[in-house]
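All of the numbers you see were taken from the coordinates with simple rules; none came from a lab. Values in this document were obtained by computation on a predicted structure and should not be read as measured data. We place every Cβ from the backbone using ideal geometry, glycine too, and count neighbours over all the protein chains shown.
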Amino acid sequence: MLAKAAGRQLYKIWQCAKIAQIEHAIFINFGSLLGCVRDKTFIKHDNDTDVCVRADWITEDQEQQFHKSLKAVGLFEYRNREMRRPDTGRLLWLSLKSELKDGVKSCVWMMFPHNGYMFHSKGDLWLTKIGGKKRIRDAIGKYRIEDFQAVCKGNSIRCFDKLVPAKFCGTDVQIPCLYGTLLDEMYPNWAVPVFGCSSDEYLLMAIRKWSEPKTWIAIP
């Protein structure tokens, strides 16, 4: 049931991407990528789909059109959350849901490159005890939390150099070209299903000031 709902929602997202002419930059990632490659379907214990867009491959006007199209087709009907960069207003993250009964939520991440990595972020949500995982809290704890505007997670940019077609939950999507390498980074031993598996393998980067990349620091 969840797989069918996920497929319907992904189809709508991809149609919105076509309207905004960003279909060359959109792909599934994280748990959805794992399900697509390993399980050939939606992972049974998962509760959302993860869609990414290479923000450096699209214009601000295209991003706005994409957001407008998502709203027009009812994808924010039952869930409408977002995070934007405070300096530019550009999107970082969207969380949406179009079906109440048997529906799934979808996260849409606007990924951006920096120093050989492709990053995604929920802005300052990962800085809080409620929104942040233990590894992030421990790492940031070495510094003054109030000095940062956001935390980002990154994986090797070479995995995202090209996108290739795939099928997921009955819908035509795209995935990163080096999906095996990316899964190795995110989910060591990913070929073996583990209930409740989530990725803690990434490069952390803390943002002191979005408008000044020199203040973006990697955290071991």
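Summary of computed values
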{"quantity": "Filter on K71/K122; K167/K209; K44/K97; K44/K122 - keep pairs with C-alpha separation over 27 Å", "calculated": "K167/K209"}
{"quantity": "Descending Cα extents along the principal axes, the chain, whole Å", "calculated": "45, 41, 33"}
{"quantity": "Cα gyration tensor shape for region 23-122, rounded if a/c is under 1.5, else prolate or oblate", "calculated": "oblate"}
{"quantity": "Residue-span extension gain [I145 to A72] - 0.36 nm each, minus C-alpha spacing", "calculated": "22.5 nm"}
{"quantity": "CD proxy at 222 nm, helix term only [per DSSP H run n ≥ 4: -39500 (n - 2.57); per residue of the chain; nearest 500]", "calculated": "-7000 deg cm²/dmol"}
{"quantity": "Sorted by Cβ neighbour density within 10 Å, fewest at the top, the residues T49, T59", "calculated": "T59, T49"}
{"quantity": "The chain: antiparallel DSSP beta bridges as a percent of all, rounded to 5", "calculated": "85"}
